[in-house]
Amino acid sequence: MLKIPGYDGGPLAEGGAYLDEPLFWPVHLGSCLRGEDAQRAAFGADWDAAMELYRVLSAEREWPTYTVPLRSGHTVYVVHRNFDGDRGVDYLIHHPTWPTAETLAVDDGHFMGPGMAWPELVSAARQPSMRGVADPDARLLLLFPTLGDALLPDDATTVLTSALSALTWIEEPAEVATMLLRDQGQWEPAHWELADGVRTNDGNHSFRNPANTFALPEGRLREISGAFVDGEAPDHLTSG
């Protein structure tokens with residue numbers, strides 16, 4: 001059985017097999033698909049099959065878990081948390097030197113986030129790995145619900161459309177990509193800054209906003225910032 005240091009919950013089970021199911025992706029991205037038009041575009045005629053898959057993913061007996069290793073040695077964990085009456089998706093990050101994993105974002109009715117800026121999401125998706133989730137498109141879509149970025153680059157829709165085209169049956173992936181980027185996350189898109197190697201945002205629900213009483217400590221914020229970008233130059237962040 002999988003274990004995440006300091007994470008209370010389980011039974012965690014490797015969920016990699018679900019990633020080959022085209023309907024997994026609109027189900028996983030469901031909280032970002034707001035309104036009937038977005039859901040119709042994403043699920044089409046497969047709504048009933050998608051809801052059956054959602055019931056499987058939400059079963060208490062097994063919590064599908066996915067690992068996204070980074071070159072820095074950190075690992076991002078994505079957990080479909082299936083407590084009865086408290087279901088959601090938790091996004092955590094851990095390094096072997098840390099006693100416990102840290103929460104980046106929580107995708108449920110009591111959401112917390114954002115956890116990533118756009119260049120971090122793309123960098124994490126493209127980092128090669130021999131274990132866990134290795135496919136860049138799968139990494140991008142798996143981590144997408146952590147996104148909250150008010151300043152997206154011009155190619156953001158193209159990048160997301162390409163991933164949706166590769167992994168899903170969505171008939172109009174560009175339309176769905178546009179909707180996802182418009183309604184990213186359950187929070188307002190945040191503004192990010194980079195100062196002295198620490199990337200932070202102004203989100204009221206984010207663990208990466210030092211103004212929040214529940215924010216991660218500065219040392220963790222610095223390490224997470226370096227782990228995600230991994231030496232790649234950010235495109236739109238403001239240096240402090």
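The values are calculated or read from the model by the stated rules, or taken from the named source; none is laboratory data. Predicted model, so just to flag it, every value in this text is computed and none were measured. Reconstructed Cβ throughout: ideal geometry from the backbone, glycine too, with neighbour counts over all protein chains shown. Side chains included, ligands, DNA and RNA excluded: accessible areas come from the protein's heavy atoms. Shrake-Rupley method; radii C 1.70, N 1.55, O 1.52, S 1.80 Å.
Quick notes
- Applying the set (1) of a type in the set (K, R); (2) modelled with pLDDT of 95 or more; (3) within 17 Å of the chain's Cα centre (by Cα) to R222 leaves exactly one unmet item: (3).
- Residues that are part of a helix (DSSP H, G or I) and in contact with a Gly (Cβ under 7 Å, 6 or more places away or on another chain) are absent from region 14-22.
- Residue that is surrounded by the fewest Cβ atoms within 10 Å (Cβ to Cβ), among those in region 176-202 that are closer than 16 Å to F144 by Cβ and not hydrophobic (A, V, I, L, M, F, W, C): R182
- Flag if S129 is more than 15 Å from the chain's Cα centre (by Cα) and under 19 Å from Y91 (Cα atoms): yes
- Residue in region 146-165 that is touching a Gly at 6+ places or on another chain (Cβ under 9 Å), assigned to a loop (DSSP other than H, G, I, E, B) and open to solvent by 20 Å² or more (accessible area, probe 1.4 Å) present: no
Residues checked against (1) assigned to a loop (DSSP other than H, G, I, E, B); (2) open to solvent by less than 50 Å² (accessible area, probe 1.4 Å):
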position: T67; (1), (2): no, yes
position: G73; (1), (2): yes, yes
position: Y77; (1), (2): no, yes
position: N82; (1), (2): no, yes
position: V89; (1), (2): no, yes
position: L92; (1), (2): no, yes
position: P99; (1), (2): yes, no
position: A105; (1), (2): no, yes
position: H110; (1), (2): yes, no
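- Among the criteria (1) of a type in the set (A, V, I, L, M, F, W, C); (2) farther than 21 Å from E218 by Cα; (3) free of Cβ contacts under 8 Å to residues at least 60 places away in the same chain, the one V106 does not fulfil is (2).
- The set of residues in region 98-154 being in contact with a helix residue (DSSP H, G or I) (Cβ under 7 Å, 6 or more places away or on another chain) and small (G, A, S) consists of A105, G113, G115, S123, A124, A125, A138.
- Condition met for G6 (part of a loop (DSSP other than H, G, I, E, B), in contact with a Ser or Thr (Cβ under 6 Å, 6 or more places away or on another chain) and under 22 Å from H74 (Cβ atoms)): yes
- Number of the exception - F214 against (1) farther than 24 Å from P153 by Cβ; (2) open to solvent by less than 50 Å² (accessible area, probe 1.4 Å): (2)
- Unique residue being in contact (Cβ under 8 Å) with a residue 24 or more places away in the chain and in contact with a Ser or Thr (Cβ under 9 Å, 6 or more places away or on another chain) when the list is L29, L57, L33, L23: L23
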